[in-house]
Amino acid sequence: MLKFIAIMKKQISILLLLVLFVFSACQKQDLRESELLQQRNALESATPNLLLSSIIQQSAFAYQAEGGVSSQQLATTVQYMQGNRSSDNNIYRNFALPTTDLYNFTTPIKLVEASIASMQSLGLQSYEGIFLIFKSFLWSTVTDLYGDIYYTQGLQGQNGILFPKFDDQKDIYPALIQNLKDAAKLIAAGKETIDPTYDILYGGNKTEWIKFANSLQLRLLMKSSKNLPNVAAQIDSVASLPLMTSVSDDASIPYLAGDPTYSWPRGSSYMLYSGNYMIYRPSKTLVDTLKALGDPRLGVWVAPIEKPWTNVSAQNGTSVTTIDPLGFSYTSTWEYIDRTNKKISPAAQFIVDSLTLYAGYAAGTYENVLAANGSYDFPTTIFNYKISKFSQLLNQNSHPLLKACMVQSDEVQFLLAEAAVKGYISGANPETFYNKGVTLALNRWGQNLPSGYFNNPVAKFPSSGTDAQKLEKIGLQKWLGLFMMGVEAYTDYRRTRLPYMELNGDLASGIYKFPLRFRYPQTEMNDNAQQYQAAIAKLDLGDTEFSHMWLLQ
């Protein structure tokens, strides 16, 4: 762990030396603003080991940050969380705006691209293969969120390409999948040793890297299965390759206490438990699902309500202490629903969760605070004593369970289960994959599978049911398994619409249409107007959040 800290801190100074700016058109006023901002025309050179640790850290942290620990937009959209009062994220409103989230990924992509070229010149095949994995991982994230993107010509300011053409997503996806096939072969063929000190993901274990490449390939194949030719045969082939099958295989790295640069972004270094941490709360969708399942992750992720409602007058004012599965302690004080109390009476009609220590924020709640389980007693809008907060675990700066995840073994098992139901994998039993996926998802949060878990109809796989019923169970558990991995949860939900959540809570009116993509950044409109206009002309509804990219056509 100390080595990890030292490496991470060393990277700050090293990366300053990595960047050599070569502005081939610095005297021209038409140099793209975003090229300048993102240092896209930087040329990097460094030892493979330093590049490896930097790329792992930057990629994993950027992806997890986008998934809900820094930006809450996607995690709110898939109802892991909801914002307290007037949160635009609750009603998808922020999707209507151009977003610069693209540039959160172009910095590590730039480093990856330069690193691949460097490894090719040095003949280091294993390192080249690893960097190809990250090329596919990062570019797939970008195209999943935006659609067509400048995969081929982007980030080449040093070569004089200041106005890159947008590639069609239908051409990008096969290229990303081929990268991963090539990556596995290169890693296996490479003669060089991967330095375990700087390989902060797998400690130099090439077999684990190959599993990462194959598992990511499975993810991309399943995402594109609707439109990719000959996809069943490809998925069947990948299913027979080494894949992630245990938590130790997960592509994830820990966060570290001390320097906030490397700590969990929802930790106390960034937000106090009784302060801004409270602005986003667990959604009712999440809480009710975990309660229905009797799932121990409820206590791991969600804190008991501070002032829960009771309809038993004798309970009023009594307190109860709860110790969650990780040892964190909470105190709850019951409040009687006294309809003669002039303060409580107007809120009583909005109380939907009483006689329970756990309640979530209803999806789509926007303005009326009283609608949030009758919360009448609060000094400011971030306080809501009738709705659970997230657990103390999720406010730690670091913890063995808090990791920046890219791909994990439970997701792989759910993908295999889906593929088996759809007949993509010959002779496979989807229930076996499903059960294993649920178990691994629980294990990843430090929990064992409870006795009788699969006896619960909510969890039991419908082996004799219809394909739709089977896929519904898989979708529900996969959504739970992707908790706080909002990028994958969002893109997977957008593809499968499982578990269906678009009419939950205050979304029931259907007024708020589910968004399908991010809008391109304003800088693309300003600095790359011709190529931007050519790209949006291919979208059925233009550059809006409701246009259908190739994956969804």
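The values are calculated or read from the model by the stated rules, or taken from the named source; none is laboratory data. Given the structure is predicted, the values throughout are model-derived calculations rather than measurements. In this analysis, Cβ positions are derived from the backbone assuming ideal geometry, glycine residues included, and neighbour counts consider all displayed protein chains. Accessible surface areas use protein heavy atoms only, side chains included; no ligands, DNA or RNA. Shrake-Rupley method; radii C 1.70, N 1.55, O 1.52, S 1.80 Å.
Observations
- Boolean, Thr432 is open to solvent by 50 Å² or more (accessible area, probe 1.4 Å), assigned to a helix (DSSP H, G or I), at pLDDT 95 or above and within 30 Å of Ala233 (Cβ to Cβ): yes
- Residues within the stretch 253-262 that are outside any loop (DSSP other than H, G, I, E, B) and surrounded by fewer than 19 Cβ atoms within 10 Å (Cβ to Cβ), tallied: 3
- Here Ala534 meets the list (1) open to solvent by less than 40 Å² (accessible area, probe 1.4 Å); (2) at pLDDT 95 or above almost entirely, failing just condition (1).
- Test result for Lys206, in contact (Cβ under 8 Å) with a residue 40 or more places away in the chain, under 19 Å from Pro48 (Cα atoms) and open to solvent by 10 Å² or more (accessible area, probe 1.4 Å): yes
- Against the test of being in contact (Cβ under 8 Å) with a residue 40 or more places away in the chain, under 22 Å from Thr491 (Cα atoms) and assigned to a loop (DSSP other than H, G, I, E, B), the options Leu228, Leu241 yield a single qualifying residue, Leu228.
- Contacts under 9 angstrom Cβ, first residue in the stretch 374-393 being on the phi > 0 side of the Ramachandran plot and assigned to a loop (DSSP other than H, G, I, E, B), partner modelled with pLDDT of 90 or more and open to solvent by 50 Å² or more (accessible area, probe 1.4 Å), 6 or more apart: Gly374/Pro346; Gly374/Gln349; Gly374/Phe350; Gly374/Val352
- Extreme residue, surrounded by the fewest Cβ atoms within 10 Å (Cβ to Cβ), among residues of the stretch 473-507 that are over 22 Å from Asn443 (Cβ atoms) and charged (D, E, K, R): Arg497
- Candidate set: the stretch 512-524, residues that are within 26 Å of Ala65 (Cβ to Cβ) and assigned to a loop (DSSP other than H, G, I, E, B); chosen: the one most open to solvent (accessible area, probe 1.4 Å): Tyr512
- Residues of the stretch 136-173 that turn out to be closer than 22 Å to Asp540 by Cα and part of a helix (DSSP H, G or I), as a count: 12
- All positions within the stretch 529-553 that are part of a helix (DSSP H, G or I) and of a type in the set (S, T, N, Q): Gln530, Gln531, Gln533
- Test: Ser509 is farther than 21 Å from Thr152 by Cβ, small (Gly, Ala, Ser) and either part of a helix (DSSP H, G or I) or in contact with an Asp or Glu (Cβ under 7 Å, 6 or more places away or on another chain) (or both): no
- Filter pass, Asn368 being of a type outside the set (A, V, I, L, M), closer than 21 Å to Asn89 by Cα, surrounded by 15 or more Cβ atoms within 10 Å (Cβ to Cβ) and at pLDDT below 95: no
- Answer from Ser409, Ser451, Ser398, Ser464 - the residue that is modelled with pLDDT of 95 or more, open to solvent by less than 10 Å² (accessible area, probe 1.4 Å) and of a type in the set (Ser, Thr, Tyr): Ser409
- Applying the criterion of being open to solvent by less than 30 Å² (accessible area, probe 1.4 Å) and among the small types (Gly, Ala, Ser) to the residues of the stretch 184-198, the residue that is farthest from Met119 (Cα to Cα) is Ala184.
- Failed condition for Leu355, given (1) closer than 22 Å to Gly294 by Cβ; (2) buried (at least 16 other Cβ atoms within 10 Å of the Cβ): (2)
- Yes/no for Ala404 being touching a residue at least 40 places away in the same chain (Cβ under 8 Å) and either open to solvent by 50 Å² or more (accessible area, probe 1.4 Å) or outside any loop (DSSP other than H, G, I, E, B) (or both): yes
- Looking across the stretch 442-461 at every residue that is without any contact (Cβ under 8 Å) to a residue 60 or more places away in the chain and part of a helix (DSSP H, G or I), the one that is farthest from Ser391 (Cα to Cα) is identified as Asn455.
- Cβ separations smaller than 6 Å between residues 6+ apart or across chains give the following pairs from the stretch 319-334 residues that are under 14 Å from Tyr273 (Cβ atoms) and at pLDDT 95 or above to residues that are part of a strand (DSSP E or B) and open to solvent by less than 50 Å² (accessible area, probe 1.4 Å): Tyr330/Thr322.
- Of the strands (runs of 3 or more DSSP E) that lie entirely inside the stretch 263-339, those containing 2 or more residues that are open to solvent by 10 Å² or more (accessible area, probe 1.4 Å) span 319-323, 329-333.
- Filtered residues of the stretch 160-187 (kept if in contact (Cβ under 8 Å) with a residue 60 or more places away in the chain and of a type outside the set (Phe, Trp, Tyr)): Gly160, Leu162, Pro164, Lys165, Asp168, Gln169, Lys170, Leu186, Ile187
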